[in-house]
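Trainee: Let me give you the structure first, and then I'll get to my questions.
The values are calculated or read from the model by the stated rules, or taken from the named source; none is laboratory data. Everything numeric in this text was worked out from a predicted model, so none of it was measured. All Cβ positions, even for glycine, are placed from backbone atoms using ideal geometry, and neighbour counts span all protein chains on display.
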Amino acid sequence: MFTSAPVLDGRHVRLEPIAEGHRAGLQTSADDPRIWAVTTADAAGPAFDPWFADLLALQAAGTRLTYAVRLLATGEMVGSTSLFDYEPKHRRAEIGWTWYRPDQWGTAVNPECKLLLFAHAFDTMGLNRVQLKTDLLNTRSQAAIAKLGAVREGVLRAHMVVKDGRVRDSVMFSVIREEWPAVRDRLLARLAAYDTGGQVVPPEGR
């Protein structure tokens, strides 16, 4: 159970624990079917209100820590991302349920979100392991997770039934405490490249 939900501030984004005040901004950003093409969820159109209600309930129960992603340059809500499956005894959790508005794909948003979440997980929560998983069909997501420096551990076969009834295989990645400094340095270098007009890299979608 998550016992605290701090705001996480970066240079490009602020991660704010999801609340009712984020509803309108997230609903506008989520209303694009491209976001949900290869995901386990859907928050476009009429699917938004049930999706948002679930997030608020999970947040209130402390079983998922979901952040609304605020773009500091404009103040807009441009997506959300979560920490979940927290196991304090074993000091592990998962990052996922991540999506961004399509105009933020390939920007500094995703690497900075990951930097903030990993730093919170390893440096504040004292975790030993943070895992990430994605659909075997979502090759863009797999490439982006690998770009973080996460280790690909294997495929969970017939792992989930997704919204269209398809049986999904999931690819599992992880970062462990000993790897975190190298992952942090890699993310900082990527963010520095954005600040100096460096190469754009694809974002993670889930």
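Trainee: Can you name every residue in region 1-25 that is surrounded by fewer than 17 Cβ atoms within 10 Å (Cβ to Cβ), in contact with a strand residue (DSSP E or B) (Cβ under 7 Å, 6 or more places away or on another chain) and among the β-branched types (V, I, T)?
Mentor: V7
Trainee: Of (1) closer than 18 Å to D103 by Cβ; (2) of a type outside the set (S, T, N, Q); (3) in contact with a Leu (Cβ under 6 Å, 6 or more places away or on another chain), R34 satisfies all except one. Which?
Mentor: Unmet for R34, out of (1) closer than 18 Å to D103 by Cβ; (2) of a type outside the set (S, T, N, Q); (3) in contact with a Leu (Cβ under 6 Å, 6 or more places away or on another chain): (3).
Trainee: In addition: So which of S82, S4, S29 is among the hydroxyl-bearing types (S, T, Y) and closer than 25 Å to G165 by Cα?
Mentor: Numbers: S4 fails: closer than 25 Å to G165 by Cα; S29 fails: closer than 25 Å to G165 by Cα.
The match here is S82.
Trainee: Let me ask you something else. Limited to region 139-161, what total is found for residues that are hydrophobic (A, V, I, L, M, F, W, C), in a strand (DSSP E or B) and without any contact (Cβ under 8 Å) to a residue 60 or more places away in the chain?
Mentor: 5
Trainee: Keeping to region 47-102, report how many residues are over 22 Å from V13 (Cβ atoms) and aliphatic (A, V, I, L, M).
Mentor: Going through region 47-102 one residue at a time, the tally reaches 5.
Trainee: I'd like the full set of residues that are within 16 Å of A19 (Cβ to Cβ) and of a type outside the set (A, V, I, L, M), limited to region 62-75.
Mentor: We begin by selecting, within region 62-75, every residue within 16 Å of A19 (Cβ to Cβ); these are 62, 64-70, 75.
Correct list: G62, R64, T66, Y67, R70, G75.
Trainee: Inside region 1-110, counting only strands (runs of 3 or more DSSP E) that do not spill past its ends, which hold 3 or more residues that are among the aliphatic types (A, V, I, L, M)? Please lay out each step first, then the result.
Mentor: Values: elements: 13-17, 64-71, 77-87, 92-100.
Those strands (runs of 3 or more DSSP E) span 64-71, 77-87.
Trainee: Here's something else I'd like to know. For region 12-41, name all the residues that are over 15 Å from the mean Cα position of the chain (by Cα), of a type outside the set (G, A, S) and over 20 Å from L116 (Cβ atoms).
Mentor: Matches in region 12-41: E20, R23, Q27, T28, D31, D32, P33, R34.
Trainee: While we're looking at this one, here's another question. Of these, G126, G154, G149, which one is over 16 Å from T40 (Cβ atoms), in contact with a helix residue (DSSP H, G or I) (Cβ under 8 Å, 6 or more places away or on another chain) and not β-branched (V, I, T)? Walk me through it before giving the result.
Mentor: Values: G126 fails: in contact with a helix residue (DSSP H, G or I) (Cβ under 8 Å, 6 or more places away or on another chain); G154 fails: in contact with a helix residue (DSSP H, G or I) (Cβ under 8 Å, 6 or more places away or on another chain).
Checking each option against the conditions leaves just G149.
Trainee: Just to be sure before I move on: is T28 buried (at least 19 other Cβ atoms within 10 Å of the Cβ) and of a type in the set (S, T, Y) in the structure I sent?
Mentor: Working: buried (at least 19 other Cβ atoms within 10 Å of the Cβ): no; of a type in the set (S, T, Y): yes.
When the stated conditions are applied, T28 does not pass them.
Trainee: Among what's in region 92-115 and is farther than 21 Å from G25 by Cα and among the hydrophobic types (A, V, I, L, M, F, W, C), pick the residue that is surrounded by the most Cβ atoms within 10 Å (Cβ to Cβ).
Mentor: Ranking the candidates gives I95 first.
Trainee: Could you tell me whether any residue of region 165-179 is in contact (Cβ under 8 Å) with a residue 12 or more places away in the chain, assigned to a helix (DSSP H, G or I), closer than 17 Å to C113 by Cβ and of a type in the set (F, W, Y)?
Mentor: Step one: of region 165-179, the residues in contact (Cβ under 8 Å) with a residue 12 or more places away in the chain are 168-177, 179.
Adding the requirement that they be assigned to a helix (DSSP H, G or I) leaves 177, 179.
Keeping just the survivors that are closer than 17 Å to C113 by Cβ gives none.
No, there is no match, as no residue in region 165-179 is in contact (Cβ under 8 Å) with a residue 12 or more places away in the chain, assigned to a helix (DSSP H, G or I), closer than 17 Å to C113 by Cβ and of a type in the set (F, W, Y).
Trainee: Among residues belonging to region 143-186 that are modelled with pLDDT under 95 and buried (at least 19 other Cβ atoms within 10 Å of the Cβ), point out the one that is farthest from W99 (Cα to Cα).
Mentor: R168
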